[in-house]
Amino acid sequence: MVIMESDFETQGNQTKRIKIEEESTNRMETLPRDIILNILSGLPTSSLVQFRNCKELPKSMHNLNQEVVYGFGCHPTTKEYKVVKIVYIKNSNKGSAVQVFTLGSSAWRSLEKVNHHLVNWPSQQVCVNGRLHWVTWPGRYTRIRSIISFDLADEKFREVPSPDGNGLSRCNYHLVVLGGCLSAAVYCHYGKLDIWVMERYGVKESWIKKFNLGNHVPKGFQREMEISYKISRFTSKGRFVRVVGLTKDGEFLLEYRSRALVSYDPKSTKAKDLVFPGMPKWYRTIVHVGSLNWIDAFTHG
């Protein structure tokens with residue numbers, strides 16, 4: 001595992017850092033990988049380096065034919081850390097089953113189901129204003145997609161208002177937090193991205209298309225694909241590039257297929273490949289807010 005400091009924007013006395021988690025075979029067997037990544041995003045750097053301060057959560061519902069969506073976050077007012085588990089039974093019309101676990105408690109609690117099928121990619125969940133957010137899959141008879149939130153305080157699911165028109169509803173996009181605001185990176189033709197920002201949380205009219213990011217192919221990918229189709233083929237499913245965050249200098253940090261990091265200046269429209277000594281071949285980049293609290297502080301009351 002590689003940890004590196006960055007000049008990410010600060011919030012109060014807390015500094016955002018980037019950590020790169022190497023895809024190794026030496027993983028914890030007791031927790032799903034998606035939930036480990038979410039929990040790691042809230043741990044202090046010292047514990048990440050040693051990877052010793054971990055707690056096994058109680059066992060929860062399990063089905064051999066299930067699809068699971070996880071969420072993890074902390075509410076700024078209650079200061080409670082919660083893990084949310086949403087279970088969908090494949091090839092079934094039973095809907096979803098929802099469980100929540102509060103760090104410091106002893107058992108999972110069942111909640112009312114969510115009437116949406118949420119995307120289960122690890123990078124899709126973001127936490128803003130004490131709420132977790134996911135994007136829904138398009139329906140069987142419609143391409144419309146929605147943003148669903150889960151309030152970590154009252155534990156209710158709600159739909160977040162989207163901009164008028166087809167700004168987000170019929171697009172392939174992923175969520176990201178930019179400047180403390182809920183944002184969406186929309187995949188466009190030829191690897192370009194439109195960045196929508198909700199400048200006032202919960203206010204539909206505050207959505208604006210704030211940035212347009214041009215296409216870029218990192219050096220490592222140029223050898224693998226021919227120029228005639230190097231962008232269209234690898235961006236067809238919208239997983240070629242992911243917006244990780246925004247630096248205090250206003251540059252975007254982009255991750256390409258978990259194999260390359262790029263900084264992009266929206267003013268000059270120039271991209272720069274980022275290479276650091278000892279970087280693994282495969283990794284996932286996570287922006288987190290540092291904390292001086294250890295897991296023991298929450299699990300022992």
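The values are calculated or read from the model by the stated rules, or taken from the named source; none is laboratory data. Keep in mind the model is a prediction, meaning the values are calculated, not measured. Ideal geometry is used to build each Cβ from the backbone, glycine not excepted, and the neighbour counts take in all protein chains shown. Protein only, heavy atoms only, side chains kept; ligands, DNA and RNA dropped before computing areas. Shrake-Rupley method; radii C 1.70, N 1.55, O 1.52, S 1.80 Å.
Mean sequence separation of contacting Cα pairs (under 8 Å, at least six apart), scaled by the length of the stretch 82-195, corresponds to a relative contact order of 15 percent. Protein-only accessible surface at a 1.4 angstrom probe places the residues D154, D273 in the order D154, D273, largest first. Computed with every protein chain present, the accessible area of D194 is close to 30 Å² [probe 1.4 Å].
Equivalent ellipsoid of the stretch 82-193: semi-axes from √(5λ) of the C-alpha gyration tensor, largest first, are 26, 18, 12 Å. Solvent-accessible surface of protein heavy atoms, probed at 1.4 angstrom with all chains present, puts R242, R259 in the order R259, R242, largest first.
Electrostatic tally near E155: other residues with Cβ closer than 14 Å to its Cβ, Lys and Arg +1, Asp and Glu -1, net +3. The mean sequence distance of close C-alpha pairs (under 8 Å, at least 6 residues apart), as a share of the length of the stretch 167-219, puts its relative contact order at 25 percent. In terms of accessible area, using a 1.4 Å probe and ignoring ligands and nucleic acids, Y141, Y190 rank largest first as Y141, Y190. The HN-Hα couplings worked out from phi for the stretch 243-250 by the Karplus form 6.51 cos²θ - 1.76 cosθ + 1.60 (θ = phi - 60°) are 7, 8, x, 10, 7, 5, 8, x Hz, whole numbers, x standing for Gly and Pro. Estimated at the nearest 10 Å², the accessible area of V114 is 10 Å² with a 1.4 Å probe. Computed on the Cα trace of the stretch 48-128, the radius of gyration divided by the Kirkwood hydrodynamic radius gives Rg/Rh = 0.98. With the whole protein complex present, W137 retains an accessible surface near 90 Å², based on a 1.4 Å probe.
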